[in-house]
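Report on the structure given below.
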Amino acid sequence: MDLIDTGLNNRQVAATCPIAEKPAKRHIGRAFAELHPHAHAEDIASLLGTRPTR
């Protein structure tokens with residue numbers, strides 16, 4: 001998730017790790033599936049720099 005947080009896409013994550021793009025995409029998808037839907041939206045907002053302050 002650290003790689004995703006830095007803004008890398010699936011292909012870039014796969015290139016950084018010793019795995020192919022499809023397994024990287026599957027692992028990333030599973031990680032996001034385990035998060036609550038609002039947490040996923042918050043992660044996207046954080047990546048876009050639009051997360052509201054609390």
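A short reminder: the numbers here are calculations on the coordinates, not readings from a lab. Everything numeric here is computed off the predicted structure, so don't read it as measured data. For neighbour counting, all protein chains shown are included, and Cβ atoms are generated from backbone atoms with ideal geometry for every residue, glycine included.
Lys and Arg at +1, Asp and Glu at -1: add these up for the other residues within a Cβ distance under 12 Å of ILE4 and post the number. The partial results should precede the final answer.
Values: positive: LYS25; negative: ASP2, ASP5, ASP43.
In short, -2.
What number comes out for the charge environment of ALA24, summing +1 per Lys or Arg and -1 per Asp or Glu over other residues with Cβ under 12 Å away?
Spelling it out: positives minus negatives among the neighbours equals +4.
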